[in-house]
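Below is one structure, written out as structure tokens, with a few remarks after it.
The values are calculated or read from the model by the stated rules, or taken from the named source; none is laboratory data. Being a predicted model, the structure only gives us computed values, none of them experimental. So basically every Cβ, Gly included, is an ideal-geometry build from the backbone, and we count neighbours across all protein chains shown. Remember, those area values only see protein heavy atoms, side chains included, never the ligands or the DNA or RNA. Shrake-Rupley method; radii C 1.70, N 1.55, O 1.52, S 1.80 Å.
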Amino acid sequence: MAQSIGPNKSLGIDSSRGHSHSSHAIKSTGKGKFWKRMLVQLSNNKYSDKKPKILDVVEQNYIDRSDSHSDPNLLSETSSTNWSNEDDEIQSPMNRHCSNGYYLIEGNKQVCFEVSNEGDSPYCYMSVFDYDVCPLFVGSDECLIKVEASSISYLDCIIREGRWWADILDYKNIPGFDIVGMIVIAGPDAPFRAGERVATISITGGNARYIVQPCSNLIRIGKLENAQKACSILSAYAPAFALIQEGLDVPLCDRYRRNLLADKDILVNGGMSNHGQAVIHLARLMGARTIYSTGVEEDYRFLTDMGAVALPLNKKALKTEHRRSVDLLIDCTAFDRNDFLVPLVRPGGRIILNHYGDIAASGKHGFRGKIDFIWLYTKSLLSSNCHVCNYLSTFKDDFGLFKRDFEHLLRMMHLSGKERLSPRVASVMNLWEVPDAHFKLQRSNVRGTLICDPWK
């Protein structure tokens, strides 16, 4: 059932149909009989290349508890199922594990939005979908995860408003990049078992109670870890750590050494962004001598409390007072093209541009957004001390390194004294409050990470 969560209009989707969960999902355009026929065809493996990750169930379907990879406490009651294609009807369901890797799950809820290029309020195109029962496809090397915490970030707003600079999403989506949860069902070839806690990154899908993810993207974490703080590390601190390491360019054997930033002065442009706040926090724990951050006057007190020296965005004053005064410049708002900051870096210093800076401020997407990326990387090629950091590329292309970084940050939470990392969580919100979070993210700086608890 779709529930509108704003004063305006909801998604306009008939909740009896279902909706897309991924770029390969089937759109909900047919009548109830169409879905019965499609579910039958899927069970017979006639359309294996079009298997949706999630479909709403037309009829009341339940599951038994026969599969050893599943946690029976999180799935529904009953006996046995038989999907046949006779007369395009689905007979009385009787098995919990439906054919071809489908499982019927009770009580899934998720935020769903429709991409809009009009820059509308988040309340216009967002709804919470509540499913009594729905089938989820779990591949042989995939896991079904019960989400305990997921992030609500500015990147979600970029996607929702159609400003995503990679592939433009034109179907209905679930926000949420970063996910921490418990495995409910593990595919037969998965190196995980039900009951293990994991963390992962998914471009969409996090703000829901359940999500299916490939095992190759999962990182085991301890059951005693705080899920909300672990999600904050995944959302803010892992990217921030990657930015700092890109600036240091140290060998792998020294990557996790203490006080790596000793005797170094750092300038963070965009210190009030989610990644900027985490860079300041980590730089202080890693022994930086002085941490400067640009900002507006209303944020000076907060930046000072974090351990940074607040600097005004006054080009003339900065060039005069701080010329060649920093060893490392981390620009978290790279697309603002703040070239006036370059003279502040000492000879031999490094400038790191965040690939995921606040580019939504430019309002560019599609071809115009790609032109900005070409400019960004050209800038790095023309300067020997200028580099672009893309932490999602590391997650995709060097997952082992990303995993080690994340595990190192988790260990920092258990250190004592000044080296202990305590991620700042600004607020923990339920699914119905996600549009409020988007509204706040678009209009002001949020002091910490926003986390969604779908069971709250």
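Observations
- Cα centroid separation - segment 398-436 against segment 266-304, whole Å: 17
- Of the trypsin sites (Lys or Arg not before Pro) found in segment 168-265, those in coil by DSSP whose Cβ has at most 16 other Cβ atoms within 10 Å are R193, K223, R255, R257, R258.
- Using a simple spin-label model with pseudo-atoms 7 Å out from Cα toward Cβ, V342 and R255 lie 3.0 nm apart.
- Estimated distance in nm for a label pair at D263 and R411, the labels positioned 7 Å out from Cα along Cα-to-Cβ: 2.5
- Rounded to the nearest 10 Å², the accessible area of S427 at probe 1.4 Å: 40
- Pairs exceeding 29 Å between alpha-carbon atoms, taken from K418/K456; K223/K440; K264/K418; K229/K315: K418/K456; K223/K440; K229/K315.
- Segment V309-D397, length gained on full extension (0.36 nm per residue, minus Cα span): 28.1 nm
- Net length gained if the chain between S422 and E321 were fully extended (0.36 nm per residue, minus Cα distance): 33.0 nm
- For the pair L224 and D132, label points projected 7 Å from Cα toward Cβ lie 4.3 nm apart.
- Largest to smallest in accessible area, the residues T200, T290, T304 fall in the order T304, T290, T200 (1.4 Å probe, all protein chains included).
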